[in-house]
Amino acid sequence: MSAPAETVPGGAVVSAVPSFRARRRRRPVLLSGFAGAAAALTLLPLVFLCIQAAQAGWSPLLRLLFRSLTAQLLINTVELACCVTAACAVIGTAAAFAVERTDLPLRRVWSALIVLPLAIPDFIVGYTWSSLWPALHGLGGAVLVMTLSLNPLIYLPVAASLRASDPGLEEAARSLGLGPIAVFRKVTLHQIRPALLGGCLVVCLALLAEYGAFEILRFQTFTTTIYTEFTRAFSSSAASALALVLVLLGLAVLAARHAATERRGLAARAGGAARRPPVRHRLGLRAVPVSVGCALLAGLSLGVPISTLAYWLTQPRATTLPALATVPAAAETTLLYALLAALGATALALPVALYVDRHPRRLSRLLESVALSVQGLPGLVIAMALVFFSVRFAFAVYQTPLLMVGGYAILFCPLALVCARASLTHAPARLEEVARSLGARPSVALVRVTLPLMAPGLAAGFCLVFLSVVTELTATLLLLPTGVETLATQFWAYQNDQSYAAAAPYAAAIVAIALVPSYLLGVWFDKRRGA
Amino acid sequence: MATATRPGPGAVEPDPDVAQPVVEITALHKAYGATQVLRGVDLSIEAGTLTAVLGRSGSGKTTLLRLLAGFERADRGRIELGGRTVDDVRHCAPPEKRRIGYVPQDGALFPHLTVRGNIGFGLSRPGRRTGRVEELLALTDLSEVGERYPHQLSGGQQQRVALARALAPNPDLILLDEPFSALDAALRASVRADVLAILRAASCTSILVTHDQDEALSMADHIAVLREGRVIQHATARELYESPADPQLARFVGEANLVPAILTPQGADAGALGVLGLRGQRPGDGVATVLIRPEQLIVRKEADEPTGHVHGVGHIPGVIERCEYFGHDMMLTIRLRSTAIGAAQAAGQRLPEMLLARLTTGTPMETGTAVTLAVRGPVTAWAKRD
């Protein structure tokens, strides 16, 4: 709303009391219709999961849930989540502090090397470690691999928060007689806490959703068990019962993250006034051990997967000709699906973002929450629900590219939505109003003003979805039409046969394709940082 | 464009011979949820004039502007623009059908378009090639920066681009929403003068929303004061300053001394300050409040007074308490001598302890100087209702 607060002394009243007065504003029929349809589509998997579970009946469902397997899976999940989150939090925060708050040499290089592992899918990291060290499996292996893959998820928000926080607070603490360590503990840690907490919960979500890496490392979690149950007995009620537990866990983590990021918004605004760069700690000779630490992290998380891939690529005897021949075709399929899915996710996200930004009221906020709640659903669960749905109610779309692209679009709609919402800060409603007063119809104002201003953010969301589709494995395995192969499914087939060398070209192609949108995203974030 | 609008009920064809009001607002109401913002605004604006809508924060002035522009719908009442009904609750013309130019607070230039692109936004494709954009660039003195982007412009230039953009499609009415509040004080005066000159040159009807009474008084032909969602006075700047509708408004539009007095056929009897002549009609009999503007007080040093003249009727003694120097003039806060207040109280009259006086800086005055005060010129009085 561009109307300054003065016109509405009780600003909150406007949305909180939808009396008949509220209806006096122009009703966005088309926009709310599209947004509602998009939200309904994203809700589809959850609804069908519940239908499927309910059809099994309550007593068998409860019997399936209250058995030792569920308890074991819960214990595995909690153990893994605690270890990985703690390790990622320490590593990510330390790396972020070193890069953002010290005079460490080559900071930009380290930053890039620490973030880049995000472009390598976890199942490829798992494969490289497993091929390098076949004895690595179980909890230890899972913790090592997931910590190395997921620590950028903490590094990124903490580094951003360190960059944006007000250095004045730390200076004030120093002037009050606190030493550097006390300042970090009492002031800095407090400032970055929301970002750190949010990052930890994102790590938890990723752990709940991961399938491929755990399958390779032979570590049993909800996803691996659900996948096995589901593929063994096609519409197994056991799979849907466990999936319901997984969904509840995911939604709980999502709710916690929502609470954490709400507070992050406040903290960022409070420090927003000061645009002074923070004072960097002088490392002196200590720069040597810090650099060694950064090099170790980069070496383990980036160097090991890349060099292992390179090793397997150069094993001529193991690389069979037919394996290589299908790489271009699989790459083409992957690219096509990724493009279509990115378009689909953006198309789903755009009306929801516009509706909630331009007409913030209870209904629009609800639609946005529904669309965002998909983040709490693992890809496996969404794919499973879509299989149920198509088999039962729409057999025509079962095993078609439409269902695959739709599945991707639903799965990654939250990424596009978050980017679209962020980009709307560059396209305030005020500009649209000015365009209207200059004679532009609403659709013309959208095309000539709002969309061009949203373009960078929409493009970022597009890249993010594209990247996610290229590196997606679980939903792809379930939803891909028979006879069609993507890079990920081909890789998985060879990897399952322990044909490491035959799988390597596909893994290398995935990493190579994923690096392009990652690079573009990096450039975009750098630009935003400068602005 | 005008023909595309569905005429509301009671729409009248504009008669070119009679000077029609461009804007006619009748009993306009608007609430946000439970908060009533406009409570029956009536306002009529003549063609070719600049009208300021003056009000404090929360008085509803921005809401009025948004209703005029068509960004919000009214709850009750009617808005007519150029003889067409654009909002009578049942029918509401969308913003793009109202032929209104809107200049928002911070300019709100389209950041992805150049100055030229911004100005040409409201013109049709062929309209952009008729030289209209160049005409406006010249009018607003922006020809040099036509190819620049908004972020490459100064605050004053941005404001001129916003005005040129609003003027380009030849609107019937220009709305300016506190266009100078985002500028720093040094720039404000010059941008104000520029904008006024441009509006006069384009002979455009315009409405300026502001909370700055100096801005309203110096720029506008007419001022409509908005308070608690109603227009409490609509007058020229001089009328508003000299005869405000009530004491509260008197304080709002400038410094004011409010002195109790008794209304008599001869004028307002302000006791020790003498019997003061009234401006306009006598508003009744009995107890009243009179407005004495600071520049109406004659201040003389007590030492300069001829002897025997010191404490006569119409001359009241006091001491300078504070002296604010502004360069072109100065404002004195004068504490009346307790003897004078006591004498007035004995006569059943309560004088204020302090009076404000504005002086040209010719006479040097200092804190602590003993002075006598007298009133010149007619005053405005309001009968006390009790």
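Looking at B:Gly117 and the list (1) of a type outside the set (A, V, I, L, M); (2) surrounded by fewer than 20 Cβ atoms within 10 Å (Cβ to Cβ); (3) not in a helix (DSSP H, G or I), which single condition is not satisfied?
(3)
Among A:Ala475, A:Ala501, which is buried (at least 19 other Cβ atoms within 10 Å of the Cβ), at pLDDT below 90 and among the aliphatic types (A, V, I, L, M)?
A:Ala501
I'd like the residue in the stretch B:87-114 that is within 12 Å of chain A (Cβ to nearest Cβ) and among the charged types (D, E, K, R) and, out of all such residues, is surrounded by the most Cβ atoms within 10 Å (Cβ to Cβ). Lay out the reasoning, then the answer.
Residues of the stretch B:87-114 that are within 12 Å of chain A (Cβ to nearest Cβ), as a first pass: B:87, B:89-90, B:92-113.
Of the ones still in play, those that are also among the charged types (D, E, K, R) are B:87, B:90, B:96-99, B:106.
Numbers: B:Asp87: 23, B:Arg90: 8, B:Glu96: 22, B:Lys97: 19, B:Arg98: 27, B:Arg99: 20, B:Asp106: 17.
Only one residue fits best here, namely B:Arg98.
Yes/no per residue for (1) within 14 Å of another protein chain (Cβ to nearest Cβ); (2) modelled with pLDDT of 90 or more; (3) in contact with a His (Cβ under 7 Å, 6 or more places away or on another chain); (4) surrounded by fewer than 18 Cβ atoms within 10 Å (Cβ to Cβ):
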residue	(1), (2), (3), (4)
A:Pro18	yes, no, no, yes
A:Leu30	no, no, no, yes
A:Ser59	no, no, no, yes
A:Leu62	no, no, no, yes
A:Arg67	no, no, no, yes
A:Glu79	no, yes, no, yes
A:Val84	no, yes, no, no
A:Ala87	no, yes, no, no
A:Val90	no, yes, no, yes
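Do we have A:Gly457 as assigned to a helix (DSSP H, G or I), touching a Cys at 6+ places or on another chain (Cβ under 9 Å), in contact (Cβ under 8 Å) with a residue 12 or more places away in the chain and within 14 Å of chain B (Cβ to nearest Cβ) here?
Against the criterion (assigned to a helix (DSSP H, G or I), touching a Cys at 6+ places or on another chain (Cβ under 9 Å), in contact (Cβ under 8 Å) with a residue 12 or more places away in the chain and within 14 Å of chain B (Cβ to nearest Cβ)), A:Gly457 qualifies.
Need a quick list: helices (runs of 4 or more DSSP H) entirely within the stretch A:319-379 having at least 1 residues that are touching a residue at least 12 places away in the same chain (Cβ under 8 Å) and closer than 24 Å to B:Glu72 by Cβ.
Answer list for the stretch A:319-379: A:327-358, A:362-372.
Quick one: would you say A:Leu104 is assigned to a helix (DSSP H, G or I) and either farther than 26 Å from A:Cys463 by Cα or of a type in the set (Gly, Ala, Ser) (or both)? Steps first, please.
Numbers: assigned to a helix (DSSP H, G or I): no; either farther than 26 Å from A:Cys463 by Cα or of a type in the set (Gly, Ala, Ser) (or both): yes.
No; evaluated as a whole, the condition is false for this residue.
Do we find that A:Ala512 is surrounded by fewer than 21 Cβ atoms within 10 Å (Cβ to Cβ) and in a helix (DSSP H, G or I) in this structure?
yes
Checking the condition under 22 Å from the mean Cα position of the chain (by Cα) and either exposed (fewer than 15 other Cβ atoms within 10 Å of the Cβ) or over 19 Å from A:Ala475 (Cα atoms) (or both), which residue from A:Ala259, A:Ala173 passes?
A:Ala259
Is it the case that the stretch B:35-57 has a residue that's surrounded by fewer than 24 Cβ atoms within 10 Å (Cβ to Cβ), assigned to a helix (DSSP H, G or I), within 14 Å of another protein chain (Cβ to nearest Cβ) and in contact with a strand residue (DSSP E or B) (Cβ under 6 Å, 6 or more places away or on another chain)?
No: the stretch B:35-57 contains no residue that is surrounded by fewer than 24 Cβ atoms within 10 Å (Cβ to Cβ), assigned to a helix (DSSP H, G or I), within 14 Å of another protein chain (Cβ to nearest Cβ) and in contact with a strand residue (DSSP E or B) (Cβ under 6 Å, 6 or more places away or on another chain).
What do you reckon, is A:Pro517 away from every other protein chain (no Cβ under 12 Å), part of a helix (DSSP H, G or I) and either in contact with a Cys (Cβ under 7 Å, 6 or more places away or on another chain) or among the charged types (D, E, K, R) (or both)?
Criteria met by A:Pro517.
Within the group B:Leu81, B:Leu123, B:Leu68, which residue is within 14 Å of another protein chain (Cβ to nearest Cβ), buried (at least 17 other Cβ atoms within 10 Å of the Cβ) and out of contact with any helix residue (DSSP H, G or I) (no Cβ under 9 Å at 6 or more places or on another chain)? Show your work before the answer.
On the way: B:Leu81 fails: out of contact with any helix residue (DSSP H, G or I) (no Cβ under 9 Å at 6 or more places or on another chain); B:Leu123 fails: out of contact with any helix residue (DSSP H, G or I) (no Cβ under 9 Å at 6 or more places or on another chain).
Among B:Leu81, B:Leu123, B:Leu68, only B:Leu68 is within 14 Å of another protein chain (Cβ to nearest Cβ), buried (at least 17 other Cβ atoms within 10 Å of the Cβ) and out of contact with any helix residue (DSSP H, G or I) (no Cβ under 9 Å at 6 or more places or on another chain).
If we keep just the residues of the stretch B:327-386 that are exposed (fewer than 15 other Cβ atoms within 10 Å of the Cβ), more than 27 Å from B:Leu240 (Cβ to Cβ) and of a type in the set (Val, Ile, Thr), which is nearest to the chain's Cα centre (by Cα)?
B:Thr363
Please enumerate the residues belonging to the stretch A:479-498 that are over 16 Å from A:Phe123 (Cα atoms) and surrounded by fewer than 24 Cβ atoms within 10 Å (Cβ to Cβ).
Once the filter is applied, which keeps residues that are over 16 Å from A:Phe123 (Cα atoms) and surrounded by fewer than 24 Cβ atoms within 10 Å (Cβ to Cβ), the stretch A:479-498 yields A:Leu480, A:Pro481, A:Thr482, A:Gly483, A:Val484, A:Glu485.
In the set B:Ile207, B:Ile262, B:Ile223, B:Ile292, which member is surrounded by 21 or more Cβ atoms within 10 Å (Cβ to Cβ) and within 21 Å of B:Gln349 (Cβ to Cβ)?
From the options B:Ile207, B:Ile262, B:Ile223, B:Ile292, the qualifying one is B:Ile292.
Can you list residue pairs whose Cβ atoms sit under 8 Å apart, with the first residue in the stretch A:418-443 being more than 19 Å from A:Ala347 (Cα to Cα) and more than 8 Å from chain B (Cβ to nearest Cβ) and the second being among the β-branched types (Val, Ile, Thr) and assigned to a helix (DSSP H, G or I)? Count only pairs 6 or more apart in sequence or on different chains.
A:Glu432/A:Val449; A:Glu432/A:Thr450
For B:Leu139, are the conditions met, namely being of a type in the set (A, V, I, L, M, F, W, C) and crowded, with 18+ Cβ neighbours inside 10 Å?
no
The values are calculated or read from the model by the stated rules, or taken from the named source; none is laboratory data. The structure presented is a predicted model; accordingly, all values stated were derived computationally and were not measured. When we count neighbours, we look across all protein chains shown, and the Cβ atoms used for this are built from the backbone with ideal geometry, even at glycine.
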